[in-house]
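Each remark here refers to the structure printed beneath this line.
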Amino acid sequence: MSDPEARANRLLRWYPPSWRERYGEEFEALLVADISEQRQSRRRTVDVALSGLLARLAAAGIAGETEQHTRLGAIACLGGVFAVLGVGLSAQLMIGWQWAPPSDPATTVGLAAILTGLAALALIVALAAAPVLWSALRTHAKGVRLPLLAFAGGLAVLVLAGIHFAPHWPGAGGHAWNAKQLAPGGLAAFAWAATLSLTSYWAHPAKLATFPAGQLAWMISAPFALTAILGAAGTIVRRTHLSARALRYELRLARIAVLAMLAILGGASCWILAGNSAPDNLYATGTIDLAEVAAMAFILTWHIRATDHGSPPALPATDSAG
């Protein structure tokens, strides 16, 4: 392989395998010719990289023209990651709420908005999951058995670890300063335990070393359990055959979920913009919080793009009569 061929081959790796199989040979020939004429070109590298990333997003069902089931699977994964980040933020705020009220009303409003959005999102997920699981189990969809096992296994690990570490919740032993319990303490403790890996302590090895070994092990392994759950959920959606009516139903729910996600993101933004950690630094914001909110905004953008792209499949005449 000559140098232009090797460089063209490396650039081609920005694209997903499915795209390379279909267009790779022709595109590589064009790249070889262009590299032979102009060996160094940052613009060419950037253009290829951006186009390749867009092709990967399209292959994942997030952008471009893709099959409807693939798009819904991507939407499920995006929504799941967004929910995990929202739960992590709410768990942090609930620790402070357990001990004292925030001095800034914006933080109270933000926490209420986050919890309301999470409750609405949980209901939407339940409504969306029911027909998918029913169809997958009823029709014995091909290739769904292993994802179902991975989903169940990851969920079992998450639940068991959450129950085990929940008693160590920093809010334990605190008391409600008034009757305004926005969420049950047990649920808040479980949410904290399930999202232990979302912490700024990763940037402070000395403090991290003081954590119990079991807690450190869970903080390291929790992302793998969450990845198994979310990845399996997206795969189940992609591989389960849904009728045109069911696809329209799922897409409507995905669009309604945008409202819940906006409430969560808006609540988190209120807390961060308030910029007040009083009292006793209970509501302090850090770099990890800013990163999570930025990631949630990015995910929401792609979620909206995925739900708004194209029209849902039309219902056949026989379906509408039924």
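The values are calculated or read from the model by the stated rules, or taken from the named source; none is laboratory data. What you see is a predicted model, and the numbers here were worked out from it, not measured in a lab. Methodologically, a virtual Cβ is constructed for each residue, glycine included, from the backbone with ideal geometry; neighbour enumeration extends over all protein chains shown.
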*Scan the range 74-86 and give yes if some residue there is in a helix (DSSP H, G or I) and either farther than 22 Å from LEU259 by Cα or without any contact (Cβ under 8 Å) to a residue 24 or more places away in the chain (or both), otherwise no.*
no
*Would you tally the residues in the range 11-24 being in a helix (DSSP H, G or I) and modelled with pLDDT under 90?*
8
*Does the range 48-67 hold any residues that are surrounded by fewer than 18 Cβ atoms within 10 Å (Cβ to Cβ) and at pLDDT 85 or above, and which are they?*
ALA49
*asked:* Scan the range 204-217 and tell me whether some residue there is surrounded by 17 or more Cβ atoms within 10 Å (Cβ to Cβ), out of contact with any Pro (no Cβ under 8 Å at 6 or more places or on another chain), closer than 28 Å to GLY153 by Cα and in the same structural domain as LEU121 (by TED's automatic domain parsing).
replied: no
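A quick yes/no check of all residues on (1) among the β-branched types (Val, Ile, Thr); (2) under 14 Å from ALA128 (Cβ atoms); (3) within 22 Å of the chain's Cα centre (by Cα); (4) modelled with pLDDT of 90 or more:
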position	(1), (2), (3), (4)
THR227	yes, no, yes, yes
ARG239	no, no, yes, no
ALA244	no, no, no, no
TYR249	no, yes, yes, yes
ARG255	no, yes, yes, yes
LEU259	no, no, yes, yes
ALA274	no, no, no, no
GLU292	no, no, yes, yes
*Can you tell me which residues in the range 182-217 are touching a residue at least 60 places away in the same chain (Cβ under 8 Å) and assigned to a loop (DSSP other than H, G, I, E, B)?*
LEU182, ALA183, THR195, LEU198, THR199
_at pLDDT 90 or above and touching an Asp or Glu at 6+ places or on another chain (Cβ under 8 Å): which single residue out of GLY88, GLY154, GLY162, GLY110 fits that description?_
GLY88
_Residues that are without any contact (Cβ under 8 Å) to a residue 60 or more places away in the chain and in the same structural domain as MET94 (by TED's automatic domain parsing): does the range 238-249 have at least one?_
no
_Looking at the range 191-225 only, could you name the residues that are among the β-branched types (Val, Ile, Thr) and more than 30 Å from ALA130 (Cα to Cα)?_
THR199, THR210, ILE220
*Give the residue, chosen from ALA122, ALA129, ALA100, ALA91, that is in the same structural domain as PRO170 (by TED's automatic domain parsing) and closer than 17 Å to LEU259 by Cβ.*
ALA122
*asked:* Quick check on ASP289: is it out of contact with any Lys or Arg (no Cβ under 6 Å at 6 or more places or on another chain), within 23 Å of PRO101 (Cα to Cα) and not in a helix (DSSP H, G or I)?
replied: no
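Yes/no per residue for (1) surrounded by 13 or more Cβ atoms within 10 Å (Cβ to Cβ); (2) without any contact (Cβ under 8 Å) to a residue 60 or more places away in the chain; (3) in a loop (DSSP other than H, G, I, E, B); (4) aromatic (Phe, Trp, Tyr):
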site	(1), (2), (3), (4)
THR108	yes, yes, no, no
ALA113	yes, no, no, no
ALA126	no, yes, no, no
PRO131	yes, no, no, no
GLY153	yes, no, no, no
ALA161	yes, no, no, no
*Give me a count of the residues in the range 1-12 that are within 17 Å of ASP47 (Cβ to Cβ) and exposed (fewer than 13 other Cβ atoms within 10 Å of the Cβ).*
1
